[in-house]
Amino acid sequence: MVVRTAAQTAGAIKDMVVRGAPAIGITAAYGMAMAQKRGENMAEAYTMLAASRPTAVNLQWALDRVSNNLI
């Protein structure tokens, strides 16, 4: 699966294309980086990615970590 937007990345996480806590966190961080590169709204990207698997601790950690530098 190829993803190029935060929405596609969130979809891959939600649909369990990406599995495993570390991989989910890395994918979410990558989704934020792609969102920034494409000029997407960073707050919306963060919210969308966080909602893709709300109980995933690594996902939230990674989003918080990269958002300190991107938002």
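Values computed for the structure shown
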quantity: 222 nm mean residue ellipticity, helices alone, for the chain (DSSP H n ≥ 4; -39,500 (n - 2.57); rounded to 500); calculated: -23000 deg cm²/dmol
quantity: The chain: relative contact order in percent, alpha carbon pairs under 8 Å with at least 6 residues between; calculated: 38 percent
quantity: Estimated dipole of the chain in Debye, rounded to 20 [Cβ of Lys and Arg +1, of Asp and Glu -1, Cα centre]; calculated: 160 debye
quantity: Among [x] 118; [y] 74; [z] 65, the entry derived from the coordinates for volume of the Cα convex hull per residue in Å³; calculated: [z]
quantity: Sum of side-chain charges, ALA56 neighbourhood, beta-carbon under 11 Å (Lys, Arg +1; Asp, Glu -1); calculated: +3
quantity: Per residue value of the accessible surface for the chain (all protein chains in place, 1.4 Å probe), Å²; calculated: 61 Å²
quantity: Selection from GLY31, MET1, TYR46 lying farthest towards where the dipole of the chain points positive, charges on Cβ; calculated: MET1
quantity: In sequence order, calculated HN-Hα J values of segment 44-51 (Karplus, 6.51, -1.76, 1.60; Hz; x Gly/Pro); calculated: 5, 4, 4, 4, 5, 5, 4, 7
quantity: Carbon plus sulfur fraction of accessible area for segment 15-55, probe 1.4 Å, in percent; calculated: 59 percent
quantity: Length gained when the stretch GLN8-MET42 is fully extended (0.36 nm per residue, less Cα-Cα span); calculated: 10.8 nm
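The values are calculated or read from the model by the stated rules, or taken from the named source; none is laboratory data. If you're wondering where the values come from, they're calculated on a predicted model, not measured in any experiment. Please note: Cβ atoms are built from the backbone with ideal geometry, for glycine as well, and neighbour counts cover all protein chains shown. These area figures cover heavy atoms from the full protein model, side chains too; ligands, DNA and RNA do not enter into them. Shrake-Rupley method; radii C 1.70, N 1.55, O 1.52, S 1.80 Å.
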